[in-house]
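Here's the structure, in structure tokens; my notes come after.
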Amino acid sequence: MVFTWTAHRFSGGALALDVANSVILRFDPARRVDRFADVPTLDTFAGAANRFCVEAPRFGALLPVAERNRARLLTLREATDRHFRALARDEQRPEFLADLLEVIAAILRGNGKDGSALDTATAHSALGLAANPEPDRLKICPNCGWLFLDRSRNRSRTWCDMAVCGNRSKAKRHYHRSKEEVQG
């Protein structure tokens, strides 16, 4: 199956969240899809992030993660998801933060000055989010379960992407209302 990264896939508002969101339907074992399990898809993520990620100007032209560092990127992705998902749920889990910081440190030590690699940039993004947490802006999309930063002025954004998840949610509500009217 050929997969194309689109702007919707970068709805997280930070590179670290976009990487965490590379697992589709994370908590539905029957439909879960790990976009990074396919190496060519993982390799195209950096180029797509250069086009679509809101943090792209911060990091410059990102390069794909080196083969030897792929496992660490996946470990970082999972630690990022655990920590920030708990934070979005207002759960205090210091062990999740400690795990995240350990993975970040390992990546930054291992990559040295290679700041253009996807794993290094993701580590910097996660570190920035951890250092300046905005728990009232960090949310979980009720439709797809992705993490995202709500940058709206009044912090009222509900979905990761209004054009995709917002429309799906509204269509679902409309369908159920219509069905109830027919039955009623």
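Where a number appears in this text, it was derived from the coordinates with a stated rule and is not lab data. From a predicted model like this one, the values you see are computed outputs, not experimental measurements. Backbone-built Cβ (ideal geometry, glycine too); neighbour counts: all protein chains shown.
Could you list the trypsin sites (Lys or Arg not before Pro) in region 68-164 that lie in coil according to DSSP, counting only those with at most 14 other Cβ atoms within 10 Å of their Cβ?
Arg89, Lys113, Arg151, Arg153, Arg155
Roughly speaking, what is the stretch gain from Glu95 to Arg155, that is 0.36 nm per residue apart minus the C-alpha to C-alpha distance, in nm to one decimal?
Details: separation 60, 0.36 × 60 = 21.60 nm, distance 2.79 nm.
Difference between extended and current length: 18.8 nm.
Near Val23, within a Cβ-to-Cβ distance under 13 Å, what is the net charge of the other residues, with Lys and Arg +1 and Asp and Glu -1?
+2
Name the most mobile residue of Thr80, Thr41, Thr122, meaning the one with the largest mean-square fluctuation, in a Gaussian network model of the chain with Cα contacts below 10 Å.
Maximum fluctuation in the GNM of the chain, among the listed residues, is at Thr41.
Calculate the spin-label point distance for Glu78 paired with Leu25, positioning each point 7 Å from the Cα along the beta-carbon direction, and give it in nanometres.
2.1
Nearest 10 degrees is fine. How inclined is helix 118-131 to the longest principal axis of the chain, computing both from alpha carbons?
So the inclination is approximately 70 degrees.
Per residue of the chain, what 222 nm ellipticity follows from adding -39500 (n - 2.57) for every DSSP H run with n ≥ 4, rounded to the nearest 500?
When only DSSP H runs of four or more count, the value is -16000 deg cm²/dmol.
Mind running the shape call on the chain? Use the C-alpha gyration tensor, a ≥ b ≥ c as the square roots of the eigenvalues: rounded below 1.5 for a/c, prolate if a/b tops b/c, oblate otherwise. Show your work: numbers first, answer last.
Values: a/c = 2.00, a/b = 1.61, b/c = 1.24.
Prolate is the answer for the chain, as a/c is 1.5 or above and a/b outweighs b/c.
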